[in-house]
Amino acid sequence: IKTFLISLPSEVLIGIFCKFGSLDDNLPVRVLAIPKEVWILLVFLFSLEDYFEGKTEAWGMFHDRFGNLKRTFKVDITGTLESDTLILDEKFLYDDGEQDSRVWTIKNLGNNQYSGTASDVIGEAKGISEGNALNWKYKLNLKVGDSTILVDFDDWMFLQDRIILMNR
């Protein structure tokens, strides 16, 4: 769980707490009073559906197994939520000008678990979320030049705040 811990003199608490509280009524905030100081604990919880619904921009890179940078890309993602299914339409633009696309169909299975499919994914992707993180595992036929290679992905996504999600 992503946390921010802020230590403030007690007399400052009311103004700061009201400002944090007014940003988002659903933001989980815990307050722990300690003599002469007050600690405010902010916790950001990751929801795949909330984060990806609508328009999202992302940037990434591919490295080979030796850690050498092979490619960078930008991806524009449009997320559409239909009941318990999230459709992610991804449009990739690589640094060499090549373009590609992928459409994910991701189903919320309950209990923080997800399954997903896409045309270049072998079988089903499996995901589980906890706190500010999502672990997403799948096998993908990745285009490299004129050929494709089968790649095992073990993606970890970490929500940093309401806007930034880091994928490793």
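The values are calculated or read from the model by the stated rules, or taken from the named source; none is laboratory data. The structure displayed is predicted, hence computed values, not measured ones. With ideal geometry, Cβ positions are generated from the backbone for all residues, glycine too; neighbour counts draw on all protein chains shown. The area values use the complete protein model at the heavy-atom level, side chains included, leaving out ligands, DNA and RNA. Shrake-Rupley method; radii C 1.70, N 1.55, O 1.52, S 1.80 Å.
Computing the accessible area with a 1.4 Å probe over protein heavy atoms, can you report the carbon and sulfur percentage for region 108-156?
Ligands and nucleic acids excluded, carbon and sulfur reach 48 percent.
Can you list the aspartates and glutamates whose alpha carbon sits under 13 Å from that of residue 74, skipping same-chain ones fewer than 8 residues off?
Once the sequence-local aspartates and glutamates are set aside, what remains near residue 74 is 57, 90, 95, 96, 98, 100.
Multiply the residue separation of residue 164 and residue 95 by 0.36 nm, subtract the distance between their alpha-carbon atoms, and state the gained length in nm to one decimal.
Fully extending the segment from residue 164 to residue 95 adds 22.6 nm.
Two decimals, Cα atoms only, Kirkwood Rh: what is Rg/Rh over region 35-168? Spell out each step's value before the answer.
Working: Rg = 16.7 Å, Rh = 16.3 Å.
Here the Rg-to-Rh quotient is 1.02.
So if R0 is 30 Å, what FRET efficiency would residue 65 and residue 135 give, r being the distance between their Cβ atoms, rounded to the nearest 0.05? Before the final figure, lay out each step's value.
Values: r = 21 Å, r/R0 = 0.69.
Here the calculated transfer efficiency is 0.90.
Calculate, for region 92-134, the solvent-accessible area per residue in square angstrom, rolling a 1.4 angstrom probe over the heavy atoms of the protein chains. It would help to have the intermediate numbers written out before the result.
Numbers: 2320 Å² over 43 residues.
Per residue, region 92-134 has an accessible area of 54 Å².
Which entries of 55/143; 55/91; 107/143 have Cα-Cα distances beyond 23 Å here? If you can, show how the numbers build up before the last one.
Details: 55/143 25 Å; 55/91 11 Å; 107/143 25 Å.
Violating the 23 Å limit, Cα to Cα: 55/143; 107/143.
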